[in-house]
Structures are given as C-alpha cells and as structure tokens.
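The values are calculated or read from the model by the stated rules, or taken from the named source; none is laboratory data. All values reported here derive from a predicted model rather than from experimental measurement. Here Cβ is always computed from backbone atoms with ideal geometry, including for glycine, and neighbour counts include all displayed protein chains. When the accessible area is computed, the model is the full protein with side chains, heavy atoms only, and any ligands, DNA or RNA have been set aside. Shrake-Rupley method; radii C 1.70, N 1.55, O 1.52, S 1.80 Å.
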Amino acid sequence: MEIIRQAGYLSSVPLQKKLATLEKLYRRPDNPFSVHELCDALDVARGIFYNHIFRKADRSKYQEEQAQLMLKVKQVFDDSEQRFGAEKIRVILAESGIRVSRKRISVIMQEMGLRSVRTDAKKQFKRKQQYAKQNLLKREFSADHPNQIWVNDITYFKVKSYWVYLCIILDLYSRKIIGWRISRHMSTHLVTTTFKTTYQERRQPQNLTFHSDRGSQYVSKTLAGLFQQHGVNQSFSATARPLDNTVSETFFSSFKREEAYRKDYTSEQHFRRSVDEYIRFYNEVRPHQTLNYKTPQAFEDAYNSVLSENSV
C-alpha cells in the first residue's frame, strides 16, 4: 500500500469512489481490517468516512419516512375524492398526529402528480366541453343512406343596402339540399327553424348526425336542447378549419359563382326567388361528380327505389 501511495495513484481516485470502496469493504461480514486500517490504506480521513456512513444512514431513514408520508398524503387525497390541496391535507394529517409542513406536502403532491380538482376545475371543464364538441365526420364525407348525416352552414349576401343570410341543410348521402331558409339575422332561431321544418319534412329520421362549424348559433344551449330532445348527434368542425365542412362550403361556392354573382338583386324577394330556383336546379338538373354525374334527386330516388323493391 505504501508503494501505491508513493506512486500517487490514490490522489487521482475521486473521493466518492474511495468512500464507496471503503463502505463495501467495511460492510463485508468477513472483513479482517479495522476502520483505521481501511482508511489509512485508501488515504481517507476516518472522520470523513464516518460522516459518510452516518449521513447515508440518515438518508435511508428519511427515505423510509418520506415513503410512508407519501402513502398517507395519497390516502387523504383519495379520501377527499381529489378535492383537497396541500393545506387541507396538512390539517388532516395534523389531526392524526403527523406534523409536516404545507411546503413538504406540496412537494410530495407535485412528485406524485396529485392535482386538486379545485385548482384546475375550470380548465378541465372547458377541456371536457371542447371534447364533447367533437368532429364525428373527421372529413369522411360519405353516408350509407339518406337522413344519416346532415351538414349545415350559413352564408351571407348583400342585397341593396343590407345583408341577408342563407341557411342550408344538405343530406350527405345524396348531396341534396333538403332544407333552407333566408333571414336578415344570423341567429340561433334561423338554424332551429330550418332544422325543425326539415326534420318534419324528412319524417323525423332516427340516429341522425348533424354537422356544422362552431359558430355561436351551433354551440347554443337552445340548439343543444333541441337536438337532445330529438336524439340527434351533434358534430363540429374544428375551429378555423373550413375543410371540415367542405361539402356545404362547396355548395355555397357553386351557388355564388353560378347564380348570385350573375344577378343584380332588386329586393329580398328577388333574392329568395333566385335561391329557390337555383336549389331546384342544383337538386334536379345539375349532375354531381361525386354521384357518378347523377343529380342529387336522382341519386336519392334510386336508393328509395331499391329500398322499396327489397321490402316487397
């Protein structure tokens, strides 16, 4: 050992590595050497070695206490159904004789990922609402039969000195415009009235999905209540994602290019007649590429014809 010491090898060995080696030798059941001999051999002061041993013992004791405390904090937290924060947990623990600071409990809760429902209740509520307003279509613009999925949207057009709003409902199966209404106000009433009329004319279909954007008209309690009453599933486009409702957007684009932009409307009644005439043209005359160049009306009639034959 004297040769090793004189060679200067021990001076290049980190202290923590020496202490770890000393501890390993010290704890061996068959260790024949005293602490004095071991420390002298590795050129470590006995005081430093003893401090290392004692601190480690203290750390082990603390870790055991910490583990027990973490279990108690978790138990109180769960018993409160995730309502209690650090201060209330501190009070509950103090009542059972466990004295611990609020700060220590906060650290434990943070380490364990425990968050009181009260601290972010509003955020969670909004997140839940946002999730509830989900996009059921996910840009899959197809349906297996009529009255399975309706898409809805509102566009506006200026007539003379005022704006008028056109609300349409389109059946995704046939791309047929099955309901429409014009108003000078873009309101929830415009949507609900259009839906109610169409719903009755289409014989109150069951298992219906209604898709729209997230405008204030569509997220209103009034419309949600109406849909709940009729068992309608509501689907929403993502915010600022017009492609999520591209079918209705495409119709409006065609209407404006092929009809509205070519006319000089003299009155609201003139605009209404123009809309009625174009929708009839769109449904009954204009071939649709996605329908193998059949018209929406012919495509729906073909489905109903097959349905009638199969029911005989």
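Observations, loosely collected:
- Residues in the stretch 92-108 that are part of a helix (DSSP H, G or I) and surrounded by 12 or more Cβ atoms within 10 Å (Cβ to Cβ): I92, L93, R102, R104, I105, S106, V107, I108.
- Residue in the stretch 166-176 that is at pLDDT 90 or above and among the small types (G, A, S) present: yes
- Taking the criterion of being open to solvent by 10 Å² or more (accessible area, probe 1.4 Å) and in a strand (DSSP E or B), the residues of the stretch 171-185 that qualify are K176, I178, W180, R181, I182, S183.
- Residue in the stretch 25-33 that is on the phi < 0 side of the Ramachandran plot and modelled with pLDDT under 70 present: no
- Close pairs from the stretch 250-269: first of a type in the set (D, E), partner surrounded by 10 or more Cβ atoms within 10 Å (Cβ to Cβ) and in a helix (DSSP H, G or I), Cβ under 7 Å, at least 6 apart: E259/S274; E259/Y278
- Checked against (1) within 29 Å of K160 (Cα to Cα); (2) of a type in the set (S, T, N, Q); (3) assigned to a helix (DSSP H, G or I); (4) open to solvent by 70 Å² or more (accessible area, probe 1.4 Å), T266 passes all but a single condition, namely (3).
- Test: residue in the stretch 197-213 that is out of contact with any helix residue (DSSP H, G or I) (no Cβ under 9 Å at 6 or more places or on another chain) and over 18 Å from Q148 (Cα atoms): no
- Flag if F299 is crowded, with 17+ Cβ neighbours inside 10 Å, touching a strand residue (DSSP E or B) at 6+ places or on another chain (Cβ under 6 Å), not hydroxyl-bearing (S, T, Y) and not in a loop (DSSP other than H, G, I, E, B): no
- Positions within the stretch 197-206 being surrounded by fewer than 16 Cβ atoms within 10 Å (Cβ to Cβ) and of a type in the set (S, T, Y), in sequence order: T197
- Scoring V275 on the criteria (1) part of a helix (DSSP H, G or I); (2) open to solvent by 60 Å² or more (accessible area, probe 1.4 Å); (3) not charged (D, E, K, R) leaves a single failure, condition (2).
- Within the stretch 212-231, the residues that satisfy the criterion of being open to solvent by 50 Å² or more (accessible area, probe 1.4 Å) and in a loop (DSSP other than H, G, I, E, B) are D213, R214, S216, V219.
- Selected residue (only one of T209, T194, T188, T155 is of a type in the set (S, T, Y) and open to solvent by less than 10 Å² (accessible area, probe 1.4 Å)): T194
- Summed over the stretch 158-170, the residues that are part of a strand (DSSP E or B) and either among the β-branched types (V, I, T) or open to solvent by 10 Å² or more (accessible area, probe 1.4 Å) (or both) give a count of 8.
- Residue in the stretch 232-246 that is over 26 Å from R203 (Cα atoms), at pLDDT below 90, open to solvent by less than 70 Å² (accessible area, probe 1.4 Å) and not in a helix (DSSP H, G or I) present: yes
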